[in-house]
1. To the nearest 0.05, what FRET efficiency results for Ala311 and Gln353 with a Förster distance of 25 Å applied to their C-beta separation?
2. Using all C-alpha to C-alpha distances in the chain, build P(r) with 10 Å bins and read off the rounded percent in each one.
3. Please give the FRET efficiency for Ala220 paired with His323, using the beta carbon to beta carbon distance and R0 = 41 Å, rounded to the nearest 0.05.
4. Run the numbers on the range 79-220 and let me know its relative contact order in percent, using alpha-carbon pairs under 8 Å that are six or more apart.
5. Using only the alpha-carbon atoms, how far is helix 385-413 inclined from the longest principal axis of the chain? Give it as 0 to 90 degrees, nearest 10.
6. Tell me, what ³J(HN,Hα) does each residue in the range 65-76 have, in order and in whole Hz, if you take phi through Karplus 6.51 cos²θ - 1.76 cosθ + 1.60 with θ = phi - 60° and put x for Gly and Pro?
7. Normalised by the empirical 2.2 N^0.38 Å for globular proteins, what value does the Cα Rg of the range 307-371 take?
8. List every residue whose amide H lies under 5 Å from the amide H of His253, counting only residues 5 or more places away in sequence or on a different chain, with H placed 1.01 Å from N in the peptide plane.
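The values are calculated or read from the model by the stated rules, or taken from the named source; none is laboratory data. Treat the numbers as computed from the prediction; the structure is a model and nothing was measured. FYI the Cβ positions are ideal-geometry reconstructions off the backbone, even for glycines, and counts take in every protein chain you see. Side chains included, ligands, DNA and RNA excluded: accessible areas come from the protein's heavy atoms. Shrake-Rupley method; radii C 1.70, N 1.55, O 1.52, S 1.80 Å.
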Amino acid sequence: MNHGRLVLPVVLSATFVQLLNVTVAQVAAPAIQTALGAGPGAVQLVLAGYTLTYACLLIPAARLGERYGYRRLFVAGTMVFIAGSVAGACAPDAASLIAARLLQGAGSGLVAPQVLSLIQATTAASSRPRALGLYGATMAVASLAGPLIGGLVLSADLLGLGWRPVMLLTVPVALASLAGATALPRTRGAEGLRVDKLGALLVTVGAGALILPLALGREAGWPWWTWAGFAVAVASLGYFVRSLQHRPDPLIHPAVLRDRPARRGTLLVFVFNTGVPSFTYLLFLHLQSAVGYSALSAALTSAPFAAAAVAGSRAAPALTRRHGPTVLTVASVVLAGMCLALAPLVGSAAGRQAALPVLAVGGTAFGAFTASVFTLVLAEVRGPATGSVSGLLPTAQQLGGSIGVTAAGLAYHAPAADADSAFRHAMLYQAAAFTITALISLRLRDRPDPGPVHGPAVTAEGHVRKTRI
């Protein structure tokens, strides 16, 4: 029986839980701190622990998928994610919850690169733009649905369990993904392909040394160890890049360094994500800490942004076919304008009402960008760089998000006359991030589509992979 039609729903359901798990925990953070008696640093680790292991494993996991098969890594990662989710819901203290979040992130890091690889391997060239558009739309919806769903669950206080059901929200969907994994193709690893252990170590250490200080540095007052972490990150990642061409079977094909569309596309995704999810983080932070909204009220205020993002993502495939990379440029400019318009509105009740249509316009642009960017970037990358980009793009997304949340927090907490001034500072940062994104998108150029490739799937390094569905 051909299960090919089920591949996309299965892999997209996994993508949904990975991104939902980021924002839903942000909403639950105050309740976790109160219930477990955790300090600010521990709560930051609860939030950052997931992103830490997620980002660290993305590039090595892409290579492991090529070596051992995408389906095998997808199943293993999903099982690890479910175990981490259940452990988090049962955590008796902050340390146990942090460990569970690290486990969740590891599971997501193993799964994420397999999703893009499976979409590329199982979707015909003519259908690939639609599939990648749905992939981007799923990421957008999951990121924005987290606060609303989390706020509803916290307000309901199911069975008097407080924040714990929030940790279990993703388990039913993850179980469905695991059950549906039987529909995924049984890919055999490329014979003779080795996993670059030194490269995996360098990437893991470098990413961890970068993300951990970014997540905890501001709350800790930027002590010496944060700067030592940055130094280790620069040294590890720098040596990794410089030594790519001199190691057999490197984690990232050296062609990525020479492929201009691959470099620009990765940079584009990175810079865009320095503005997302920091925008929703700042909006929720300000509405709850300065305005006094509950988590649910803050989520409902942002609902027009989330709802419009769905509409924007649905329109993205047609817009991309007609206008190409111009969609990314226009969407970025609209998002920058939204941030500048919101800055003076959020300070009063009447202004917050007027901000709702502004958020809807920005949400439409957000959905269009997110649902288009992977399609446009992957369409431009050719040859041996293609396989490596499937691990690089999610990595750029996670690193950009981590850096963006830290930078946005610094802008918000910088000396200001009042809370409204602090929010204006933060929105100026957001507008700058989206403006730079627009400038980078201007450099993208369409390449002619060579048409569908027939025959067995070929990996980035030229290894033929036999596939059975």
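1. Values: r = 21 Å, r/R0 = 0.84.
Approximately 0.75, to the nearest 0.05.
2. Going out from 0 Å in 10 Å bins, the chain shows 4, 21, 32, 28, 12, 2, 0 percent.
3. On the way: r = 45 Å, r/R0 = 1.11.
So the FRET efficiency works out to roughly 0.35.
4. Relative contact order comes out at 25 percent.
5. 10 degrees
6. For the range 65-76, the Karplus-derived couplings read x, 5, 7, 10, x, 5, 4, 4, 5, 4, 5, 4 Hz, x marking Gly and Pro.
7. Values: Rg = 12.8 Å, N = 65, 2.2 N^0.38 = 10.7 Å.
The value comes to 1.19.
8. When sequence neighbours closer than 5 places are left aside, the close amide H contacts are Ser388.
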